[in-house]
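Report on one structure; see the data block that follows.
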Amino acid sequence: MSYDLTFEVAPELYRRAVTTSVGGVPSARRKALGNIAAMVLFPASIFAFNRALFEPSSLVAMCFAAVLGAGLVFVVWWRQHQKLVSLHQRYNETGGVQSTQLNAKGIVAARPLITSHINWGFVRELRSIDGATLIELPTARLIVPDTALPEGVDQVSFITQLEQWRAQ
């Protein structure tokens, strides 16, 4: 058995697929919460350090520097996040039809300008999101929309077959 699929990935599905972490929780939210926590804890730790070691007169300058530093961390994170999402969006906008062949030997995925030959040993994880199957590679994610699956094949049976090939 093998799959010979031809499809286009809808922009909203593409965005959801590239922002979903391995655990299934949108990674942007998880990272944002971690960064917000760092923005609070970093100034608080400097404040505590300052109170413990220095006189109170330097407290205002240290707090200002801590808040400024936390703000800069947030700005850098936000720019990097937006740059990554933009990069993925531009890649998706290269558009065109994607053809993917999956069989026991591996995966051949082709889009305009790119053709990839992938051995199953290179696949890190197979998982589902609402509307698609994600094939996690160390450097990318292959998205196979549920609408591209052959008639009579659902997402669960598709992933089960891919897992069998991956385990060989």
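Out of the range 82-168, which trypsin sites (Lys or Arg not before Pro) are coil in DSSP terms and have no more than 16 other C-beta atoms within 10 Å? Within the range 82-168, the qualifying trypsin sites (Lys or Arg not before Pro) (loop, at most 16 other Cβ atoms within 10 Å) are LYS105, ARG124. What the Kirkwood sum gives for the range 61-144 is a hydrodynamic radius of 15.8 Å, with every pair of different alpha carbons counted.
Here, each number is a calculation from the coordinates, and none is a lab measurement. What you are looking at is a predicted structure, and each value in this text was computed from that prediction instead of being measured. Glycine gets a Cβ as well: all are built from the backbone with ideal geometry, and neighbour counts include every protein chain shown.
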